[in-house]
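Here is the structure we will look at.
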Amino acid sequence: MTGSEPLRRVESGASFDVWQFRTSRLRLDHRRAGIVEMIVIGHGHVEFAQPCSRRWEEALRKHDRLTILADLWMMPGYDSGFRLGLTEWAATHRAQMDPIHVLTRSQLVSMGAAVANLALGGLIKLHTLRTSYDLAVQKLGVPGKPGASPPRGA
C-alpha cells in the first residue's frame, strides 16, 4: 500500500463489505450465489484489487461459476495496477467465469475495459447506460440492495 492512510474495511454485513482508501470506496455485494458486484466510488486504487480477488476466490470456493458485476459509474479513473490485478485474476480463472458486466461513463475506464476484454477473450460486456446494466443485473436475478444505495465517497 502507498501513502500514510491504509486500506480499511469501514462497513460489513451478511452480504456486503465496504472498503475505503483515501477518499475512494469499494463496495462488494454478494447477494446471490455465484455473483459478486463491485461498486467503486472515486478513484480505482490498486489497493482495491486484493479485496476484490479475495471475495471472488471465496465465491468460487462455494460455487462452480462466477459472474462479476462492476458498477464503475462513479469511478472516473484508476491505477493501472487495479486493472492489471483484476484482469490477471480473471484470466487465471477464465474457465470458471461467466460474462463480466461493466458499467461506466468514463472514457478512460471504457478504454481500460476494452484492453482487459482483449486479454479475456471477449468476456466483458460493457454498459455505458445504467438502464442496460440494471437490466442485465435484473436478468441475472440479483435482488436489490436491502435499504441501501451504493456508498458515496467524498
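The values are calculated or read from the model by the stated rules, or taken from the named source; none is laboratory data. Note that the structure is a prediction, hence the values are computed from the model and not measured. Backbone-built Cβ (ideal geometry, glycine too); neighbour counts: all protein chains shown.
Which ones in the range 120-154 are modelled with pLDDT of 65 or more and of a type in the set (A, V, I, L, M, F, W, C)? Once the filter is applied, which keeps residues that are modelled with pLDDT of 65 or more and of a type in the set (A, V, I, L, M, F, W, C), the range 120-154 yields Leu120, Leu123, Ile124, Leu126, Leu129, Leu135, Ala136, Val137, Leu140, Val142. Here Arg31 clears all of (1) of a type outside the set (A, V, I, L, M, F, W, C); (2) at pLDDT 95 or above; (3) surrounded by fewer than 22 Cβ atoms within 10 Å (Cβ to Cβ); (4) in a strand (DSSP E or B) except the condition numbered (2). Within the range 40-69, being touching a residue at least 12 places away in the same chain (Cβ under 8 Å), in a helix (DSSP H, G or I) and closer than 24 Å to Gly112 by Cα holds for Val46, Glu47, Phe48, Ala49, Gln50, Pro51, Cys52, Ser53, Arg55, Trp56. Report yes if Thr104 is hydroxyl-bearing (Ser, Thr, Tyr), within 29 Å of Ala14 (Cβ to Cβ) and either crowded, with 18+ Cβ neighbours inside 10 Å or in contact with a strand residue (DSSP E or B) (Cβ under 7 Å, 6 or more places away or on another chain) (or both), otherwise no. Yes: the conditions hold for Thr104. In the range 68-86, the qualifying residues are those that are surrounded by 21 or more Cβ atoms within 10 Å (Cβ to Cβ) and of a type outside the set (A, V, I, L, M, F, W, C), and the one that is farthest from Leu123 (Cα to Cα) is Tyr78.
For the range 107-131, residues that are of a type in the set (S, T, N, Q), more than 16 Å from Met74 (Cβ to Cβ) and surrounded by fewer than 14 Cβ atoms within 10 Å (Cβ to Cβ) total 1.
Of the residues Leu86, Leu66, the single one that is modelled with pLDDT of 95 or more and over 12 Å from the mean Cα position of the chain (by Cα) is Leu66.
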